[in-house]
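The values are calculated or read from the model by the stated rules, or taken from the named source; none is laboratory data. Because the structure is a prediction, the values reported are computed rather than measured. Glycine gets a Cβ as well: all are built from the backbone with ideal geometry, and neighbour counts include every protein chain shown. These accessible areas exclude ligands, DNA and RNA; they are computed on the full protein's heavy atoms, side chains included. Shrake-Rupley method; radii C 1.70, N 1.55, O 1.52, S 1.80 Å.
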Amino acid sequence: MSDGGSLGIGVLLLSLVALGSWPALLDLAFLRGRHPSHAYLDYATAVLLVATSFALASGQPLSVSSESWASAGLAAVGGCLLMLGNLSMQRALLLGVPLTIVLPLQGSLTVVLGTSINYVLQPERSEPRRLFAGVAAFLVAIALSATAHVAHERQAANRRERRRRRKRQHAASCRPCCG
């Protein structure tokens, strides 16, 4: 494997660690009293600082030529959409949607939409059978995840109801007799 390939795998592993740890750090910030809106601003600021430092450290010239303005604009729109997606995920978490639903759903929809849009933009560079077999697998994963969540919520509601009934029955059986 070339040095570039080894470096790429290293970056991918670092990415997996970072993606796996940020939800826990966000929860920790909430538990320590950080307001969710402020936590998101901290997150967005950190993304800007890391992206800027990586751009400066890359050694690439920072000038934008006249023919690359369209590419730069598309990249900026993509970044805005990414941040909008992250913000909507944050809001979903604040509204009480569990992390176990938000992350798989967001990740799967990202793959499905990104793959589909890439195919529309560059059909000659894709193999449709393989591509859409993978998209179908992600759609099945979304459906299974949603089904499992609904089933879990129903079971939890049934357990809560049974506990309430037992408490009421116990309270009724323990009343002193009025003889």
Rounded to the nearest 10 Å², the accessible area of V77 at probe 1.4 Å: 80 Å²
The range 49-99 - percent of accessible surface contributed by carbon and sulfur, probe 1.4 Å: 74 percent
Segment Y119-L13, length gained on full extension (0.36 nm per residue, minus Cα span): 35.5 nm
Extent along principal axes [Cα atoms of the range 1-53; Å; largest to smallest]: 47, 23, 10
Solvent-accessible heavy-atom area per residue, rounded to whole Å², over the chain at 1.4 Å: 78 Å²
Additional length obtainable on full extension of the chain from L74 to R34, 0.36 nm per residue less Cα span: 11.0 nm
Relative counts (whole %) of C-alpha pair distances in the chain, using bins that are 5 Å wide: 1, 6, 8, 12, 14, 15, 13, 9, 6, 4, 3, 3, 2, 2, 1, 1, 1, 0, 0, 0
Sites matching trypsin sites (Lys or Arg not before Pro) across the range 21-110 that sit in DSSP coil, with at most 10 neighbouring C-beta atoms within 10 Å: R32
Cα-based helix-to-principal-axis angle, 36-57 vs the chain, degrees rounded to 10: 20 degrees
Principal-axis tilt of helix 3-31 within the chain, Cα atoms, nearest 10 degrees: 40 degrees
Difference of contour (0.36 nm per residue) and Cα-Cα distance, L103 to C174: 20.9 nm
The chain: angle of helix 99-121 to the longest principal axis, Cα-based, in degrees nearest 10: 30 degrees
